[in-house]
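The values are calculated or read from the model by the stated rules, or taken from the named source; none is laboratory data. Because the structure is predicted, anything quoted here is derived from the model rather than measured. Here Cβ is always computed from backbone atoms with ideal geometry, including for glycine, and neighbour counts include all displayed protein chains. Accessible surface areas use protein heavy atoms only, side chains included; no ligands, DNA or RNA. Shrake-Rupley method; radii C 1.70, N 1.55, O 1.52, S 1.80 Å.
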Amino acid sequence: MMLLGLGAVVYGTVMWDVLKTTLSLHGAGPLTNLIVDGANRLIAAPPAKFGEDTNRHPVVYYFARYSALLLTSILFVAWFVGLTLSLTLVLASAPDSITQSSPGVGVDLLERLYFVAASVTTAGFGDYVPSGNAWRLFTILTATSGLIVTTLGISYVINLIGAVVTQRQLARSILNLGTTPADILAAFYNGKGFMPFGDSLQTIGDSILLHVQHHLAYPMCHYIRADDNRNCLPAALAVFDETLTVLLYEVPKEVQPNLGHLFLARRAGSAYLENLRDIYVDEADETPPWPELTFLMTQWQIVPAARARAVSAVEREAIRHRRRLLRAAVQSQGLSWDNLVESLQVAPEERLDAELVSLYAREQNPV
């Protein structure tokens, strides 16, 4: 009875994990969370809390490149091993549960394991047969469970890869605007203000909200690293959110984009950070320094408004919580907040669009 009970518990745990991970659309099962979090911590090195870009380490770099293959393979193996072992324990609870096709020959534990593995992955080979109707029903359950895990697992991986591609596209779309608030705002200054940025804010905000739903449905998205830092969404959203902070608290109202667009983008970022806080990361120990603002005066003679000083103590603490979560999200991807800009930039000799730098300069400072 002990083997039967243990097998039932393991079977229920594995099948619940498979169903919750693939069908719940709200987080992964406990086994999946344990596996992917453990693999990420073991292989990808600790978070970059000490000013080091751990993604530059050769082992971490190869993990980032093949993280999707590695993590999904580990998860598939864990599901099938757990399923096979649990059903083997149930079979082992009765000495006559299965017999060989040739009568009079006993069946040991390894042969029961072979029978379960063959039934889970195929229709079986016919060299072992269940004895009695109850064990025939058990064999049907075994084959059905294997089919469920295989079908849901493949569908999950296909949708997961699609979500990761969308995530990387969003990251690159943001960082194509610039890798600092100064770069991003320079692209939208029209001589009077940053009003043209409004349409982009709405588009990016909608894309972030779509990704939040992908994140909830496919939590492994967070653990699949980008081998190119410019495809790292937490890093891109950190740059984007810092730009919003400058616009909301330091840019005078007369040169701001539409406030509705600003609020939509900010709230979309909040939804993303709330998801991270609930499932993936804890706040960083230190609040990042306030965004650098000298570019406002040097480029456009805009005096910073310093509105953050006028908000209530509760609101100031909320801003600090937000920025500590941003820092933790960046660190969870092996990047350092202090060296984030350098990590996202391409070496000048490797840039294929280097002419854009001088074009921007001429547009912002016409002769």
Handout entry: Those residues of the stretch 264-314 which are assigned to a helix (DSSP H, G or I), of a type in the set (A, V, I, L, M, F, W, C) and over 18 Å from LEU326 (Cβ atoms), in sequence order
Key = LEU264, PHE295, LEU296, MET297, TRP300, ALA310, ALA313, VAL314
Completion exercise
Within the stretch 144-165, residues being open to solvent by 40 Å² or more (accessible area, probe 1.4 Å) and either farther than 21 Å from ARG65 by Cα or charged (D, E, K, R) (or both) number 6
Practice task
Find the helices (runs of 4 or more DSSP H) located wholly in the stretch 78-187 whose residues include 1 or more that are over 30 Å from CYS232 (Cα atoms), and list them.
Solution key: 109-121, 133-175
Completion exercise
Counting only residues in the stretch 55-110 that are modelled with pLDDT under 85, in contact with a Ser or Thr (Cβ under 8 Å, 6 or more places away or on another chain) and aliphatic (A, V, I, L, M), the one most open to solvent (accessible area, probe 1.4 Å) is identified as LEU109
Problem - Test result for LEU209, among the hydrophobic types (A, V, I, L, M, F, W, C), surrounded by fewer than 19 Cβ atoms within 10 Å (Cβ to Cβ) and over 28 Å from ARG65 (Cα atoms) - result: no
Problem - Selected residue [surrounded by 22 or more Cβ atoms within 10 Å (Cβ to Cβ) and modelled with pLDDT of 95 or more] from ALA238, ALA226 - result: ALA238
Handout entry: Top-ranked residue in the stretch 342-362 [being surrounded by 14 or more Cβ atoms within 10 Å (Cβ to Cβ) and in a helix (DSSP H, G or I); ranked as modelled with the lowest pLDDT]
Key = TYR360
